[in-house]
């Protein structure tokens with residue numbers, strides 16, 4: 001039967017204290033009178049030693065106390081019934097009362113057939129309990145075990161702030177017995193990660209360490225603005241606008257990964273836009289710097305895809321809800337503008353980032369570390385809290401695009417760059433940036 005819920009909890013946390021089961025109404029063979037349901041529950045209890053398909057309590061994962069929800073798949077396939085809903089609702093209520101983050105260790109086949117619609121409607125209760133907990137500023141982490149399907153995936157799994165998955169786990173809304181024949185690889189943890197639905201696929205042997213790291217990151221903010229990183233590249237200011245463009249496009253210039261590694265003691269990435277896309281040219285996540293958490297959304301020098309903008313917006317909204325300050329790094333020639341990007345909603349996705357930054361109650365700090373091309377770069381920038389490096393530029397559009405718009409010959413591109421006043425020192429004079437780091 002594999003690792004039980006109690007064995008899993010015992011390996012991940014210390015001092016676990018199980019919550020008492022909430023009272024629930026008892027009816028013969030359940031709410032719809034399914035013949036033999038009581039006998040099936042009794043057999044499941046004897047086989048697993050549990051009274052229900054979920055185990056809830058509180059314990060310390062690393063140094064952080066957390067509310068833990070662990071599914072026992074051996075109990076009727078980890079299915080969700082009314083008593084499961086009672087326990088989950090009570091666990092979320094306790095988490096709000098104690099202010100502890102919630103970790104859901106999911107292994108479920110979905111709603112319990114023997115309870116009919118009474119089981120399916122538990123998804124509404126779970127969604128409401130999770131929403132109230134999110135609104136209270138409490139982080140939610142889910143771990144997708146094998147299998148995670150049906151309503152368990154569509155509520156606790158996909159609805160978490162950070163979603164981790166174990167390798168090879170079956171993950172999907174449709175379970176193996178009800179989905180159409182075809183590409184089974186789409187229903188795996190690895191496939192869900194590749195399509196932007198999961199933040200990371202991690203080995204079981206490192207799950208305790210990874211959970212401890214994530215709990216530290218999501219609970220260690222102090223609300224103070226992030227300081228802009230120091231420049232890692234050239235220190236001399238460019239003489240002309242075209243010099244600035246050339247410096248920002250230099251092959252050896254430091255990019256986002258170098259800045260993030262130098263800035264943070266350690267960090268963890270989130271991945272994906274939860275709409276089917278991943279942009280490898282945008283790095284988002286949370287890092288620890290001097291014991292304090294800062295969220296980051298960093299462009300890596302490529303044209304930013306719609307999925308990259310949506311992931312950044314997701315990061316800023318999450319950080320804002322958890323009270324974590326944000327650092328953004330601007331480095332893009334601009335938003336992707338091909339036909340695929342338009343069909344994927346590049347304009348809408350850019351608007352999401354503008355709105356997330358504009359409405360954030362936490363401070364957002366921006367450093368332009370390379371190219372700052374048009375609105376695709378500006379969406380990542382914080383009004384009034386933007387700094388620039390000496391080897392960067394920020395422009396209404398690229399000099400090449402500006403020349404094309406103005407119907408100028410290619411030979412006029414350097415002169416156009418000079419006229420755009422896009423150098424770091426120009427940005428200070430124009431009031432676009434605070435200072436050159």
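The values are calculated or read from the model by the stated rules, or taken from the named source; none is laboratory data. Since this is a predicted model, take the numbers as computed values, not measurements. When we count neighbours, we look across all protein chains shown, and the Cβ atoms used for this are built from the backbone with ideal geometry, even at glycine.
Residues satisfying the criterion are absent from the stretch 205-221 (criterion: without any contact (Cβ under 8 Å) to a residue 40 or more places away in the chain, buried (at least 20 other Cβ atoms within 10 Å of the Cβ) and in contact with a helix residue (DSSP H, G or I) (Cβ under 7 Å, 6 or more places away or on another chain)). Residues in the stretch 222-236 that are crowded, with 19+ Cβ neighbours inside 10 Å and under 23 Å from residue 321 (Cβ atoms): 226 alone.
Reported count of residues in the stretch 415-433, each being farther than 11 Å from residue 395 by Cβ and surrounded by fewer than 17 Cβ atoms within 10 Å (Cβ to Cβ), is 6.
Could you say whether any residue in the stretch 105-116 is without any contact (Cβ under 8 Å) to a residue 12 or more places away in the chain, closer than 24 Å to residue 24 by Cα and out of contact with any strand residue (DSSP E or B) (no Cβ under 7 Å at 6 or more places or on another chain)?
We begin by selecting, within the stretch 105-116, every residue without any contact (Cβ under 8 Å) to a residue 12 or more places away in the chain; these are none.
No, every residue in the stretch 105-116 fails to be without any contact (Cβ under 8 Å) to a residue 12 or more places away in the chain, closer than 24 Å to residue 24 by Cα and out of contact with any strand residue (DSSP E or B) (no Cβ under 7 Å at 6 or more places or on another chain).
Checking each residue of the stretch 126-139 against the condition of being outside the structural domain of residue 268 (by TED's automatic domain parsing), touching a strand residue (DSSP E or B) at 6+ places or on another chain (Cβ under 7 Å) and in a strand (DSSP E or B) gives no match.
The single condition among (1) farther than 27 Å from residue 277 by Cβ; (2) assigned to a helix (DSSP H, G or I); (3) in contact with a strand residue (DSSP E or B) (Cβ under 7 Å, 6 or more places away or on another chain) that residue 214 does not meet is (1). Being within 15 Å of residue 245 (Cβ to Cβ), part of a helix (DSSP H, G or I) and in contact (Cβ under 8 Å) with a residue 24 or more places away in the chain is the requirement here; does residue 356 meet it? No; evaluated as a whole, the condition is false for this residue. Of the helices (runs of 4 or more DSSP H) entirely within the stretch 1-99, those holding at least 1 residues that are assigned by TED's automatic domain parsing to the domain that holds residue 149, modelled with pLDDT of 95 or more and touching a strand residue (DSSP E or B) at 6+ places or on another chain (Cβ under 9 Å) occupy 5-12, 82-98.
In the stretch 188-204, of all residues being part of a helix (DSSP H, G or I) and surrounded by 20 or more Cβ atoms within 10 Å (Cβ to Cβ), the one that is nearest to the chain's Cα centre (by Cα) corresponds to 193.
Given the structure, is residue 316 within 20 Å of the chain's Cα centre (by Cα) and at pLDDT 95 or above? Lay out the reasoning, then the answer.
Working: within 20 Å of the chain's Cα centre (by Cα): yes; at pLDDT 95 or above: yes.
For residue 316, the condition - within 20 Å of the chain's Cα centre (by Cα) and at pLDDT 95 or above - is met.
Taking the criterion of being modelled with pLDDT of 95 or more and crowded, with 17+ Cβ neighbours inside 10 Å, the residues of the stretch 275-288 that qualify are 278, 279, 281, 282, 283, 284, 285, 286, 287, 288.
Suppose the filter is touching a strand residue (DSSP E or B) at 6+ places or on another chain (Cβ under 9 Å), in a strand (DSSP E or B) and free of Cβ contacts under 8 Å to residues at least 40 places away in the same chain; does residue 142 pass it?
Considered against the rule, which asks whether it is touching a strand residue (DSSP E or B) at 6+ places or on another chain (Cβ under 9 Å), in a strand (DSSP E or B) and free of Cβ contacts under 8 Å to residues at least 40 places away in the same chain, residue 142 comes out as yes.
Every test in (1) modelled with pLDDT of 95 or more; (2) more than 24 Å from residue 324 (Cβ to Cβ); (3) in contact with a helix residue (DSSP H, G or I) (Cβ under 7 Å, 6 or more places away or on another chain) is passed by residue 128 save one, and that test is (3).
Condition check ((1) out of contact with any helix residue (DSSP H, G or I) (no Cβ under 8 Å at 6 or more places or on another chain); (2) farther than 25 Å from residue 307 by Cα) across all residues:
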residue: 190; (1), (2): yes, no
residue: 238; (1), (2): no, yes
residue: 247; (1), (2): yes, yes
residue: 259; (1), (2): yes, no
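Does residue 190 count as in contact with a strand residue (DSSP E or B) (Cβ under 8 Å, 6 or more places away or on another chain) and within 30 Å of residue 70 (Cα to Cα)?
Answer is yes for this residue.
With the structure loaded, tell me whether residue 376 is over 17 Å from residue 421 (Cα atoms), surrounded by fewer than 21 Cβ atoms within 10 Å (Cβ to Cβ) and at pLDDT 95 or above or whether it fails that test.
So residue 376 fails the test.
With the requirement that a residue be closer than 14 Å to residue 229 by Cβ and in a strand (DSSP E or B), what does the stretch 300-338 give you? Those that are closer than 14 Å to residue 229 by Cβ and in a strand (DSSP E or B): 326, 327, 328, 329, 330, 331. Within the span defined as the stretch 393-410, every residue fails to be crowded, with 23+ Cβ neighbours inside 10 Å, out of contact with any strand residue (DSSP E or B) (no Cβ under 7 Å at 6 or more places or on another chain) and at pLDDT 95 or above.
Looking at the stretch 153-165, can you tell me whether even one residue there is part of a helix (DSSP H, G or I), surrounded by fewer than 18 Cβ atoms within 10 Å (Cβ to Cβ) and at pLDDT below 95? Spell out how you get there, then give the answer.
Narrowing the stretch 153-165 to residues part of a helix (DSSP H, G or I): 153-157.
From what's left, surrounded by fewer than 18 Cβ atoms within 10 Å (Cβ to Cβ): 154.
Retained after the next criterion (residues that are at pLDDT below 95): 154.
Yes, the stretch 153-165 has at least one match.
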